[in-house]
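Below: the structure, in structure tokens.
The values are calculated or read from the model by the stated rules, or taken from the named source; none is laboratory data. Everything quoted here is computed from the prediction, not taken from an experiment. Methodologically, a virtual Cβ is constructed for each residue, glycine included, from the backbone with ideal geometry; neighbour enumeration extends over all protein chains shown. Protein only, heavy atoms only, side chains kept; ligands, DNA and RNA dropped before computing areas. Shrake-Rupley method; radii C 1.70, N 1.55, O 1.52, S 1.80 Å.
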Amino acid sequence: MNSFHRLIGYLVVLLAFSAVAFSAEKPMDGKSLYRNNCKACHDKGSKNGTYTPMTLTQDQWRRVFKTKLVPAHKNAVDVKTGKKLLEQLTPEQLKSIQRFCIDHAADSEQPATCG
């Protein structure tokens, strides 16, 4: 095999890997994930408690995600799909939600509700 054919082979492999990388679904950002998965049950006046990122401090959010989130949501169901919430959110998506809550907590530089 000459060097031209070898170069073409490498380019084909490179293009195949690039196509796979670009076709992979991008995870949603924490704000969108919060809006789509948390807000429905934790909006103003909710029986589950009203929570927005600025409801708690950064340390309080860390504790919630470390110790309270899973036990409190083990039977939570997504109102849109009817599926258990924790079974449809990936660990990466939960981390994105956590990062959003911490980054926009009451004591952060940019407190936010989630409007």
Quiz item: Which members of region 61-103 meet the condition of being open to solvent by 40 Å² or more (accessible area, probe 1.4 Å), part of a loop (DSSP other than H, G, I, E, B) and in contact with a helix residue (DSSP H, G or I) (Cβ under 6 Å, 6 or more places away or on another chain)?
Solution: V79
Quiz item: Which members of region 105-115 meet the condition of being in contact with a helix residue (DSSP H, G or I) (Cβ under 8 Å, 6 or more places away or on another chain) and open to solvent by 40 Å² or more (accessible area, probe 1.4 Å)?
Solution: A106, D107, Q110, P111, T113
Quiz item: What number of residues within region 40-60 are among the hydroxyl-bearing types (S, T, Y) and touching a residue at least 24 places away in the same chain (Cβ under 8 Å)?
Solution: 3
Exercise. Might you check whether a residue that is of a type in the set (D, E, K, R), part of a helix (DSSP H, G or I) and open to solvent by less than 80 Å² (accessible area, probe 1.4 Å) occurs anywhere in region 40-60?
Key: no
